[in-house]
Amino acid sequence: MKVRMKKLLFLLFAAALALPCAAKDKKDDDKPDYMLVDPETAKIFPKVKEPLTLQRGLQNDVFFVKEGKLTPAILSFKVLNRNNLEVISIDEWFQEERNNIRISIAPVKRRGEKVSEQDWKQIWPAGKKEKNPRRQPVALAPGNNLMLDVPAEILLTEPLKKVERRLAVKVELNLRSVKADPLVFEVRLRKKQGKVRELIFAD
């Protein structure tokens, strides 16, 4: 009888020790994975595990410059959900949609020239950072995308003195809760010369 009682007490004691550990494990597993995005407002947004894909919209590699205006007038991009099964929800999405991307440029002399990290200059979003920007959560179904257009004039950071200037362009998500590989490509800025010369140099 004493032996059975000792065994029973031992089992009860072991169970009591195991319960806090199990409760702790469950608490850690159930805890949402959040990231602090804006220290000024202390807003937090859930991390998005699935990455997004950045693509170009209209494939314009040559922009003609006349009196500070560029033709075509926009840079066009897509934010794409390439996951075949999951809907991706983003709570951090800016209501001013084109501010969801960050654009940097760097001058290059020849095609395919490698750009050092310190040579990139951010040109978008333009202006001062909003202290409390408005958010508008979005849900991207599999295979769907969001189109974002930015004025092409941001490429002209200084007057075009030569006939042509070649730029490397890097586009990134301006979000912390969701990731995407940077999109890097090159464009040329050319002085507007006339229709015949434009056709020659637009290839």
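Restricting attention to the range 78-104, the residues that are farther than 12 Å from Asn174 by Cα, open to solvent by less than 10 Å² (accessible area, probe 1.4 Å) and out of contact with any Asp or Glu (no Cβ under 8 Å at 6 or more places or on another chain) total 1. Restricting attention to the range 142-155, the residues that are assigned to a loop (DSSP other than H, G, I, E, B) and open to solvent by 60 Å² or more (accessible area, probe 1.4 Å) total 1. The set of residues in the range 113-141 that are assigned to a loop (DSSP other than H, G, I, E, B), farther than 18 Å from Asp181 by Cα, without any contact (Cβ under 8 Å) to a residue 40 or more places away in the chain and out of contact with any helix residue (DSSP H, G or I) (no Cβ under 9 Å at 6 or more places or on another chain) comprises Gly127, Lys128, Lys129. Do we find that Val184 is among the hydrophobic types (A, V, I, L, M, F, W, C), on the phi < 0 side of the Ramachandran plot, at pLDDT 95 or above and not in a loop (DSSP other than H, G, I, E, B) in this structure? Yes; evaluated as a whole, the condition is true for this residue. The requirement of being in a strand (DSSP E or B), more than 30 Å from Arg190 (Cβ to Cβ) and of a type outside the set (A, V, I, L, M, F, W, C) is satisfied by Ser89.
The values are calculated or read from the model by the stated rules, or taken from the named source; none is laboratory data. Computed from a predicted structure; not experimentally measured. Ideal geometry is used to build each Cβ from the backbone, glycine not excepted, and the neighbour counts take in all protein chains shown. Only protein heavy atoms, including side chains, enter the accessible area calculation; ligands, DNA and RNA are left aside. Shrake-Rupley method; radii C 1.70, N 1.55, O 1.52, S 1.80 Å.
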